[in-house]
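**Student:** Following this message is one structure expressed as structure tokens.
Quick note: the coordinates plus some simple rules give every number you see, no bench work behind them. Small disclaimer: the values here were computed from a predicted structure and weren't measured. Methodologically, a virtual Cβ is constructed for each residue, glycine included, from the backbone with ideal geometry; neighbour enumeration extends over all protein chains shown.
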Amino acid sequence: MNTLMQSYYSMLSLLLDNGAYFNFQYVDLTNKKKMDEIDQEGIESAPNFQQYIFSSEEFFQDFIPLSLAVQKPVLIIAGKKDDAVGPTHHHAFKFPIYDIQQLNTGHHPYVEHPSAFKRAILRFIHDNY
């Protein structure tokens, strides 16, 4: 686990130093500014939060086998240009009942295309509940 974390933080530092890290998360980098404003206004993220999460072995657990056990409809919203986790990462899940909505966004569809994000959720609720 320590080697993985060292590799992760080394890569993260290189990406940040070269100004490339946020290109993996946003189609339009002006949306990064929106996210920063949201974080400052409401969430007030603790700086150690990311380090805490990414140092947890549970975070790196493979949850795919557990997806088979979910017996309720699941909405998967994925960004077509999400280079942070990959635009097709959701294909690995094994939910028995699911709906995939791929939006023309990166890793943060709720910021990059909030109206499409909202429509996807409302349509899913209407169709399933």
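**Student:** So what are the ³J(HN,Hα) numbers for region 98-107, from phi and the Karplus equation (6.51, -1.76, 1.60; θ = phi - 60°), rounded to whole Hz, Gly and Pro as x?
**Tutor:** With the stated coefficients, region 98-107 comes to 8, 10, 9, 10, 9, 9, 7, 9, x, 7 Hz.
**Student:** Now, a different point. For a footprinting-style exposure proxy, rank 58, 37 by other Cβ within 10 Å, fewest first. Intermediate results must be reported in sequence, preceding the final value.
**Tutor:** Values: 58 7, 37 11.
So the ranking, lowest neighbour count to highest, is 58, 37.
**Student:** Using a Förster distance of 22 angstrom, determine the FRET efficiency expected from the C-beta separation of residue 85 and residue 39, and round it to 0.05.
**Tutor:** Values: r = 20 Å, r/R0 = 0.89.
That gives a FRET efficiency of 0.65.
**Student:** Report, to the nearest 10°, how far helix 2-17 tilts away from the longest principal axis of the Cα atoms in the chain, using its own Cα long axis and a range of 0 to 90°.
**Tutor:** Once rounded, the angle reads 80 degrees.
**Student:** Report, in debye and to the nearest 20, how large the dipole of the chain comes out about its Cα centre when Lys and Arg carry +1 and Asp and Glu carry -1 on their Cβ. Walk me through the numbers before you get to the answer.
**Tutor:** Details: 10 positive and 15 negative charges, 107 e Å.
Roughly 520 debye, rounded to the nearest 20.
**Student:** Once you keep just the Cα pairs under 8 angstrom separated by 6 or more residues, what percentage relative contact order results for region 2-128?
**Tutor:** Working: 135 pairs, mean separation 32.0, N = 127.
Taking the mean separation of contacting Cα pairs over the length of region 2-128, I get 25 percent.
**Student:** While we're looking at this one, here's another question. Report, in deg cm²/dmol and to the nearest 500, the calculated mean residue ellipticity at 222 nm for the chain, where each DSSP H run with n ≥ 4 adds -39500 (n - 2.57) and the sum is divided by the residue count. Let's see the in-between values first.
**Tutor:** Values: 6 runs with 54 residues, N = 129.
Roughly -12000 deg cm²/dmol at 222 nm, from the helical runs in the chain.
**Student:** Quick check: pseudo-label points 7 Å beyond the Cα along Cα→Cβ at residue 13 and residue 119, how many nm apart are they?
**Tutor:** Taking the two extended label points, one gets 4.5 nm.
**Student:** Now, a different point. Grab the other residues whose beta carbon is less than 13 angstrom from that of residue 97, score K and R as +1, D and E as -1, and report the net. Working shown, then result.
**Tutor:** Details: positive: 72, 94; negative: 99, 127.
Net charge around residue 97: 0.
**Student:** Please work out the FRET efficiency for the pair residue 93 and residue 5, using the Cβ-Cβ distance as r and a Förster radius of 22 Å; give the result to the nearest 0.05. Before the final figure, lay out each step's value.
**Tutor:** Working: r = 25 Å, r/R0 = 1.14.
With R0 = 22 Å, the Cβ-Cβ based efficiency is 0.30.
**Student:** Looking at region 1-95, which trypsin sites (Lys or Arg not before Pro) are in a loop (DSSP not H, G, I, E or B) and have at most 15 other Cβ atoms within 10 Å?
**Tutor:** 80, 94
**Student:** Loop-only check: which chymotrypsin sites (Phe, Trp or Tyr not before Pro) in region 16-87 are DSSP coil with at most 15 other Cβ within 10 angstrom? Don't skip to the answer; put the middle values down first.
**Tutor:** Details: sites: 21, 22, 24, 26, 49, 52, 54, 59, 60, 63; in loops: 26, 63.
Here the sparse-neighbourhood loop sites are 63.
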